[in-house]
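The values are calculated or read from the model by the stated rules, or taken from the named source; none is laboratory data. Predicted, not measured: the structure shown is a model, and the values here were computed from it. A quick note on method: Cβ atoms are made from the backbone with ideal geometry, for glycine too, and the neighbour counts reach across all protein chains shown. When the accessible area is computed, the model is the full protein with side chains, heavy atoms only, and any ligands, DNA or RNA have been set aside. Shrake-Rupley method; radii C 1.70, N 1.55, O 1.52, S 1.80 Å.
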Amino acid sequence: MLEVGVGAGTDFVQWVRAGAIATGIDLTSRGVELTRERLALEGLSADVRQANAEALPFPDAAFDHVYSWGVLHHSPDTARAIAEVHRVLRPGGTATVMIYHRHAWVPLTVWAVHGPLRGRPGLSIRRALAEHLESPGTKAYTRREAARLFAAFADARIQTVLSHGDLLRIRPGAQYASGAYRALWRLYPRWLVRALGDRWGTNLVVEGRK
């Protein structure tokens, strides 16, 4: 299997622990170093290398499974990265990819904070995410847009899932330390988020077969 975007290796190490013949890539040398270090601390080994998701350094039909969680929406050309995932899968192979869902709580919150609350009611959700969520250019997709991105896959199943981000089980960053933002953090309708369930979750998970 291949993981695209290993980050700190949290998921990748679990694949290797379970006995997978695993390969991992990350755009950053730091991600590769951290993952290799975690593997070494557990006496594990795997192929982890620095590479670009838009130009995977592997031949066609090289993997049974490709996994990428919260990574490809950061790629400048997400469609090309997904096409690369499809290319390196063997026929009958499967992919599990999480990208951000636009019609969800986190995008709406980011838009509200940086749009209307800052006197910018015309700011689009797309631009708010690109400018203020994680890395510059971060994207989010509707279910219909995701279906188009994964149109080459057979039996692509798309679902939205609540995450810790939707329920804000995270500490606000320094840029949200003012009294007004702290008040908004407390007023965030967690009860409503739970009541409405996964339909409005920020994680858009696609599982497809080649």
* Structure fact -> Here the residues within the stretch 146-189 that are modelled with pLDDT of 90 or more, loosely packed, with under 15 Cβ neighbours inside 10 Å and in a helix (DSSP H, G or I) are Ala147, Arg148
* To do: State yes or no: is Arg126 farther than 17 Å from Leu184 by Cα, open to solvent by 60 Å² or more (accessible area, probe 1.4 Å) and modelled with pLDDT of 90 or more?
  => yes
* Of all the residues that make up the stretch 30-61, how many are of a type outside the set (A, V, I, L, M) and open to solvent by less than 60 Å² (accessible area, probe 1.4 Å)? -> 5
* Can you spot a residue in the stretch 89-98 that is open to solvent by 30 Å² or more (accessible area, probe 1.4 Å) and free of Cβ contacts under 8 Å to residues at least 24 places away in the same chain? -> no
* Only residues that are of a type in the set (Phe, Trp, Tyr) and out of contact with any Leu (no Cβ under 7 Å at 6 or more places or on another chain): list them for the stretch 68-108, please. => Trp69, Trp105
* Asked: of a type in the set (Ser, Thr, Tyr) and farther than 16 Å from Gly31 by Cα - does that describe any residue in the stretch 75-92?
  -> yes
* What number of residues in the stretch 63-73 are out of contact with any Asp or Glu (no Cβ under 7 Å at 6 or more places or on another chain) and either open to solvent by 50 Å² or more (accessible area, probe 1.4 Å) or basic (Lys, Arg) (or both)? -> 1
* **Selection from the stretch 63-111 of residues that are under 15 Å from the mean Cα position of the chain (by Cα), in a helix (DSSP H, G or I) and closer than 17 Å to Leu168 by Cα** => Val106, Pro107
